[in-house]
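The values are calculated or read from the model by the stated rules, or taken from the named source; none is laboratory data. Remember, it's a predicted structure, so these values are computed and weren't measured experimentally. For neighbour counting, all protein chains shown are included, and Cβ atoms are generated from backbone atoms with ideal geometry for every residue, glycine included. Heavy atoms of the whole protein, side chains included, go into the accessibility calculation; ligands, DNA and RNA do not. Shrake-Rupley method; radii C 1.70, N 1.55, O 1.52, S 1.80 Å.
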Amino acid sequence: MDYEKLAELLFKNIDKTPEDYEREYPCRNLPEVAKVTRFAPSPTGFLHIGGLFAAFIGERTARKTGGVFYLRIEDTDKKREIENGVSGIVKGLSDFGITIDEGMLTETESIGKYGPYTQSQRKEIYQAYCKDLVKKGLAYPCFCTAEELDAIRKTQEENKQNPGYYGKFAKCRNLTYDEIEEKIKSGTPYVLRLKSAGDETRRIKFDDAIKGEIEMPENVQDIVLLKTDGIPTYHFAHAVDDHLMRTTDVIRGDEWISSVPIHFELFKVLGFKLPKYAHISPIMKEDAETGGKRKLSKRKDPEAAVSYYHEVGYPKEAVLEYLLTIANSNFEEWRAENPEKSRDDFDFKLSNMSKAGALFDLVKLNDISKNYICTLSKETVYQNTLEWAKAYDADFAKLLEENRDYAIKIFGIERGNEKPRKDIAKWQDTVEYTKYFFEKPQNFEWQENLSKADMAEILKTYKTVYKDGETAEEWFPKVRDMAESLGYAKAPKLYKKNPESYKGHVGDVASVIRVAVTGRRNTPDLYEIINVLGYTEFLERIDRAIALLTE
Ligand code: GLU
């Protein structure tokens, strides 16, 4: 077979050679330790939290070593693509502060010298490498139809042989030039296949940065390199792109582990240096139904979508902090010892990642987020809440803008002190959190142990006891004295000793005032709430509650 002639027949429009591309995309001028990593999603518009996690790990790895992190769009599967799919991904990353050094910025724009960073625009590059493989007799066109491939599979099943297109089953391996030429001339569709030199009895071995040493049988399949439309398969594009973009560490989902033997062979026949692989296990979740663990599912779990975190308003710092917690289990301890340090100071290690799959836990994320939000100033909370509301709750945004100073005061309650309250995990929580400040309560969580008449008596008295401008120090002793004068124990302890001597204790009394003012039994500091509401509003609320209790 004259392979040169075959290569010309198949790729007559391709005049560039691998050498041209090697020159165009030279090795990066980086220190030895610097790692070049990438995030390479398909533009499906949906960014899974597992994707954000992988991107984050890639970014951390590059940053830590002074390397490069880039975004490549893998759009070789046109069926899965949606319109503006790239923007969804770019936004997903930027919402969570993951910045790229190179790659796609919008649907059409990119930065960096190693592009195009969208696979559909790299067709000629892939084909140049294919042409070269054909020239060397390492790849060939295959004209088998779906029916023929089916028939091969059936025979293999019947004879209990390994399925696939390989060895003696690879019938298009042996076509002559004339046969090929005739088919091409008559317009028969074909794919380009690798002529695998693999041997089932041999094994490959590699040291996965996360999973450790892995051994697998060599690839023997004549896998497809180019599909009938001339677009490469994932495998071939991975080899060409990660080589030409000079990726040093391929960090990706562990669903690709089983394909590593294919990638080994491709890098070898193409004459490329193998990258280091790091395969991330999927993020898992406790399954309420079965009690076991399962993968976080796009269909069942709203929190699988990265957009969810933005929509409900988790601060990006909290999400990143959480991702680091599930990425490296020693991060939590480090954080406890270094509460003030930047995440960048943490020595993130791929080798410390969970091999089995990190367990995703919203309760934990909420805790981390509350701990973070409680350290922010009232102005920052206001600003972040407003930004969130502008995107997702226009009415609330309007309310916040029209009542700026008042809203800041609300967010200032029990903030900035030694033990700030941790009521807010996400900006969406502030709608409910601030509700009773903006409207008089509609429902009242009254105490069950007191009669309506007792509660009305407390409120009527308190109206006369509370004075505008009272200090925090004066406030509680006055409530306590009033409680005592109305027949309540001035401390819960006293009440517990002699419950029959009292109507209740000071806590019950304070609770009646709290519920009258806010509708709720559980709120931040009541004194501060009354102050923020203002004296007039306080009186109106007390009067309204008295009226409801005595009607
Ligand atoms: N486009 C592939 C995916 O979304 C990327 C895998 C990789 O990072 O190589 O699964």
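Summary table
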item: Extension gain, ILE111 back to ARG299 (0.36 nm per residue minus Cα-Cα distance, nm); result: 64.3 nm
item: Two-site label geometry, LYS168 and ASP229: point separation in nm, points 7 Å out along Cα→Cβ; result: 3.7 nm
item: Solvent exposure ordering (accessible area, 1.4 Å, most first) of GLU500, GLU333; result: GLU500, GLU333
item: Extreme residue, positive dipole direction of the chain, given options LEU459, ASN330, ASN443 (C-beta unit charges); result: ASN330
item: Average Cα contact separation per residue, region 264-366, under 8 Å, 6 or more apart, as relative contact order %; result: 34 percent
item: Sites LEU539 and LYS378 - FRET efficiency at Förster radius 25 Å, r taken between beta-carbons, to 0.05; result: 0.45
item: Formal net charge of residues neighbouring LEU376 (Cβ-Cβ distance under 14 Å; K, R +1; D, E -1); result: 0
item: Carbon and sulfur %, accessible surface of the chain computed with the full protein complex present, 1.4 Å; result: 49 percent
item: Cross-link partners of LYS467 among lysines (Cα-Cα below 19 Å; sequence separation of 8 or more within a chain); result: LYS478
item: LYS493 versus TYR406: modelled label distance in nm, points set 7 Å from Cα along the beta carbon direction; result: 4.2 nm
item: Heavy-atom SASA rank of LYS276, LYS496, LYS195 (probe 1.4 Å, accessible area, largest first); result: LYS496, LYS276, LYS195
item: Listed pairs LYS452/LYS490; LYS300/LYS435; LYS300/LYS349; LYS123/LYS168 exceeding 25 Å between Cα atoms; result: LYS300/LYS435; LYS300/LYS349; LYS123/LYS168
item: Net charge of neighbours whose Cβ lies under 14 Å from the Cβ of PHE396, counting Lys and Arg as +1 and Asp and Glu as -1; result: -4
item: Probe 1.4 Å, protein heavy atoms only - accessible area per residue of the chain in square angstrom; result: 49 Å²
item: Accessible-area value, CYS144, 1.4 Å probe, nucleic acids and ligands omitted, Å²; result: 20 Å²
item: Loop sites in region 377-425: GluC sites (Glu not before Pro), DSSP, at most 13 other Cβ within 10 Å; result: GLU418
item: At most 11 other Cβ within 10 Å, DSSP loop - GluC sites (Glu not before Pro), region 422-460; result: GLU439, GLU448
item: DSSP bridge orientation in the chain - percent antiparallel, rounded to nearest 5; result: 60 percent
item: Whole-number percent relative contact order across region 35-128, with pairs defined as alpha carbons under 8 Å at least 6 apart; result: 31 percent
item: Gained length - ASN352 relative to GLU83, 0.36 nm times residue gap less alpha-carbon distance; result: 93.1 nm
item: Charge dipole of region 1-155 about the Cα centre (unit charges at C-beta), most positive-ward option of THR17, ALA139, ILE57; result: ILE57
item: Filter on LYS91/LYS113; LYS390/LYS422; LYS5/LYS276 - keep pairs with C-alpha separation over 30 Å; result: LYS5/LYS276
item: By accessible area with a 1.4 Å probe, ligands and nucleic acids excluded, highest first: order of ARG343, ARG521, ARG299; result: ARG299, ARG521, ARG343
item: About the Cα centre, charge dipole magnitude for the chain (Lys/Arg +1, Asp/Glu -1 at Cβ), debye; result: 740 debye
item: Theoretical gain in end-to-end length, SER186 to ILE214 [0.36 nm per residue, Cα-Cα removed]; result: 5.5 nm
item: Mean separation of Cα contacts under 8 Å (6+ apart) over length of region 410-551, as relative contact order %; result: 33 percent
item: For GLU148, net neighbour charge (Lys/Arg +1, Asp/Glu -1) across residues whose Cβ lies under 12 Å away; result: +1
item: Compactness of the chain as Cα Rg over 2.2 N^0.38 Å, two decimals; result: 1.37
